[in-house]
1. What's the number of the only condition in (1) touching a residue at least 12 places away in the same chain (Cβ under 8 Å); (2) open to solvent by less than 70 Å² (accessible area, probe 1.4 Å); (3) of a type outside the set (A, V, I, L, M) that residue 20 fails to meet?
2. Give the residues of the range 104-142 that are acidic (Asp, Glu), open to solvent by 50 Å² or more (accessible area, probe 1.4 Å) and part of a strand (DSSP E or B), sorted by residue number.
3. Could you count how many residues in the range 60-87 are in contact with an Asp or Glu (Cβ under 7 Å, 6 or more places away or on another chain) and over 23 Å from residue 25 (Cα atoms)?
Amino acid sequence: MPSRKTLQSVSHNFGRSFTSLVNYVETDYFLDLLLKKMRQTGQDRLDVDILKNEATPKELITTEIEAAIRSWNNWFPELVKHSGSSMDFVKSAKMTLCFDLNASRPYPKDTRFTETPFACTVTIRDDRGREYQHGHKDFVLY
């Protein structure tokens, strides 16, 4: 029997997987592509509506970034199902990625590189109005 309780782990697993090194797009890691585009545009936040498969701001959306977002969003229902829940319970699912473009620092293990901090938050709202949210912070090496 499907359970709503596992939606908390879905929010965790989706965000962690999306920002991991598993998310590789053609020639680069997704976070590297996104960070480069953020630096070019000055935009420091990406909002993704997972169910609607929409991402904003449009200035950040390149062909590669759009393909990665679409791929992960298409995987979301499978993740929900394999977690023991059901998409019937999910009324909204959103993800936000924020980078602090002013806080880059030298990478401690090799100062030829820099790291930039980011925060990822995934929020799922169920059919009863309850929110399941996971946020994590990390650095992306550039």
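The values are calculated or read from the model by the stated rules, or taken from the named source; none is laboratory data. Treat the numbers as computed from the prediction; the structure is a model and nothing was measured. Neighbour counts are summed over all protein chains in view; Cβ atoms, including those assigned to glycine, are modelled from backbone coordinates with ideal geometry. Side chains are part of the model used for accessible areas, which takes the heavy atoms of the whole protein and leaves out ligands, DNA and RNA. Shrake-Rupley method; radii C 1.70, N 1.55, O 1.52, S 1.80 Å.
1. Only one criterion in (1) touching a residue at least 12 places away in the same chain (Cβ under 8 Å); (2) open to solvent by less than 70 Å² (accessible area, probe 1.4 Å); (3) of a type outside the set (A, V, I, L, M) is unmet by residue 20, namely (1).
2. Step one: filter the range 104-142 for residues acidic (Asp, Glu), giving 110, 115, 126-127, 131, 138.
Now narrow it down to the ones that are open to solvent by 50 Å² or more (accessible area, probe 1.4 Å): 127, 131, 138.
Across the range 104-142, the qualifying residues are 131, 138.
3. Qualifying residue count for the region: 0.
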